1. Six or more apart or on different chains, Cβ under 7 Å: which pairs go from a residue in the range 262-274 that's touching a residue at least 60 places away in the same chain (Cβ under 8 Å) and in a loop (DSSP other than H, G, I, E, B) to one that's buried (at least 24 other Cβ atoms within 10 Å of the Cβ) and among the β-branched types (V, I, T)? Could you list them?
2. If I ask for residues that are in a loop (DSSP other than H, G, I, E, B) and closer than 29 Å to L5 by Cα, which ones from the range 118-154 would you list?
3. Kindly indicate whether A349 is touching a residue at least 60 places away in the same chain (Cβ under 8 Å) and over 18 Å from the mean Cα position of the chain (by Cα).
4. Quick test for you: out of I470, I495, I425, pick the one residue that is farther than 30 Å from E251 by Cα and either crowded, with 22+ Cβ neighbours inside 10 Å or of a type in the set (A, V, I, L, M, F, W, C) (or both).
5. Return the residues of the range 46-101 that are outside any helix (DSSP H, G or I), among the basic types (K, R) and either modelled with pLDDT of 90 or more or farther than 15 Å from V13 by Cα (or both); say none if nothing qualifies.
6. Out of the range 64-85, which residues are free of Cβ contacts under 8 Å to residues at least 60 places away in the same chain and surrounded by 20 or more Cβ atoms within 10 Å (Cβ to Cβ)?
7. Quick one: D109 ticks every box in (1) of a type in the set (D, E, K, R); (2) crowded, with 21+ Cβ neighbours inside 10 Å; (3) part of a helix (DSSP H, G or I) bar one, so which box is it?
8. Can you name every residue in the range 388-415 that is buried (at least 17 other Cβ atoms within 10 Å of the Cβ) and either among the β-branched types (V, I, T) or at pLDDT below 95 (or both)?
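The values are calculated or read from the model by the stated rules, or taken from the named source; none is laboratory data. All figures in this text were calculated on a predicted structure; none of them were measured in a lab. Cβ placement follows ideal geometry from the backbone for every residue including glycine, while neighbour counts extend to all protein chains displayed.
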Amino acid sequence: MSETLYLFSFSLVSAFIMIVLQRISMILSEKSQSLKLNNILSLIIKTKPKTLFAEIFTGLAGISFFLFFFLFLQRPISALVLTLGIGSLLVILNSTKENILHEPIVLADAWLLKQAVQFPDLYLPFLPIKRLSVLLGVSLLFLVWAILLETPLYSLNIFFSLILPFCVVTISILLLILMSYAKLPKLASVILSRCPVSSNAVKDAQTNGPFSAALIHPIACGNFKKQIFTSFKNNNELIKPKNTIYLNELELFLNSQNVNNQEDLILIQAESFWDIRPYFHNLKDTNLLPNWDNLKTNNGVLSLTTNPFGAYTMRTEFSVLTGLKEEELGPCFFNPYLFAKNHPLWSFARELKNKGYETLCVHPYAKKFFNRSLVIPNLGFERFLALEELNHLEKFGPYISDLALADLINIEINQAKNPLFCFVITMEAHGPWLKNRLPEHVVKEYFKENFTPLGIKQENFSQEEQYYLIHLKNMDKMFGKIQKQLTLSGKGRLIVYGDHPPSLPNLRKKDL
């Protein structure tokens with residue numbers, strides 16, 4: 001009995017620790033507040049989610065972690081140390097993501113862990129290696145100390161010490177999965193009525209706490225998916241939404257004489273493209289992007305409300321191709337490709353395909369990235385050219401050159417036997433913005449040739465900004481190159497947009 005009470009007390013302590021760590025994470029999110037030893041206690045008490053009921057989820061997560069480690073080690077202090085380590089890891093990851101992307105962690109990020117392993121170049125540079133190393137070292141030190149001094153509370157055999165922890169985790173995950181697939185609607189309804197969530201991760205973190213919101217999102221996603229698919233007409237196994245088109249330029253093209261005249265449509269999703277001239281006094285009133293300016297004048301630009309610094313190209317990509325707004329998707333918006341890879345959906349590509357168009361998607365990166373190998377066909381594209389087919393193209397920096405990509409698109413325009421809808425996802429301007437991304441002599445020569453005549457001086461910009469300006473200029477040249485080819489062919493339309501702003505340190509401080 002005393003051992004059970006002892007274990008119960010440790011479980012409550014683990015729940016308390018996780019709740020405290022969530023509140024610390026919320027304090028760190030508030031840039032106006034500084035976390036110091038003399039005010040930490042008052043801040044932890046004062047800083048809490050608007051919906052206190054949501055903290056139950058964070059507490060239950062703490063208990064689940066503790067029970068998992070305890071059943072594995074049979075040592076409560078050691079299990080508590082590991083639980084504290086996991087909670088601290090979440091605080092560090094949440095703080096890092098908010099500093100870089102202006103968004104807290106969401107559970108959909110867990111599906112990106114596999115990508116972080118497969119494509120470390122895109123993820124590892126953003127991780128706070130020093131802080132993670134310190135956390136790992138301190139956790140291991142305390143864990144070894146606890147194991148050496150602590151005797152097992154129970155004498156479970158090897159079989160049970162391995163099976164029981166996984167039973168605890170399996171049951172916890174199973175409940176979450178069932179609710180995320182709307183299999184426990186009454187329980188999910190009670191939770192969501194007390195802990196409302198949306199497609200706005202920042203708002204949800206303020207309402208429920210970042211850890212709690214991350215756990216509630218998949219529950220809400222199950223409900224949203226059910227609502228979305230209920231509102232879809234199922235016609236020959238094709239899921240089609242009602243009244244969701246909101247992107248004027250694409251909708252106008254779809255319902256205009258352009259389609260009847262069988263004009264080509266080239267839609268470019270320009271990686272990290274953002275007209276940064278208004279945010280740098282050295283760039284204002286410069287003719288930095290003449291082709292972009294020309295497209296704006298001729299309705300060749302999509303006016304999008306993207307999530308600044310949220311990265312997550314697939315969010316913008318999915319909304320553009322399907323016409324579904326983020327608020328219509330709810331928490332599914334955080335990674336819409338998780339369900340798009342399993343379901344054929346209505347899209348502009350599919351609609352144009354039904355009208356006799358060839359549908360082609362071009363993206364010079366790995367097909368399996370973001371599950372595009374499954375998603376792109378589900379969105380109605382007949383062909384998908386990715387890095388596997390395009391690796392022979394010239395690179396500029398770490399990735400395939402935008403100008404080389406423009407040449408490829410122009411070839412496709414010339415060779416198409418039917419009207420062509422080509423969706424291009426560029427890659428040249430993708431981060432991270434590391435040193436030596438481009439050779440120094442290339443940067444100097446590029447500025448001399450392209451920017452000096454415009455009065456743009458290299459010394460007025462940081463190294464990352466210099467790199468970005470060069471890629472930005474190349475994107476603009478790409479627009480001009482393709483537009484010229486469409487003009488020569490006599491029948492064609494170019495529409496472009498940027499998926500999100502670049503993750504440049506100085507831009508993160510600005511209100512975009």
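1. These pairs meet every condition: E271/T426.
2. Passing the criteria: E150, T151, P152, L153, Y154.
3. The answer is yes for A349.
4. Step by step, each of I470, I495, I425 is checked, and only I470 is farther than 30 Å from E251 by Cα and either crowded, with 22+ Cβ neighbours inside 10 Å or of a type in the set (A, V, I, L, M, F, W, C) (or both).
5. Passing the criteria: K48, K50.
6. F65, F66
7. Evaluating D109 over (1) of a type in the set (D, E, K, R); (2) crowded, with 21+ Cβ neighbours inside 10 Å; (3) part of a helix (DSSP H, G or I) leaves (2) as the failure.
8. I400, I409, I413
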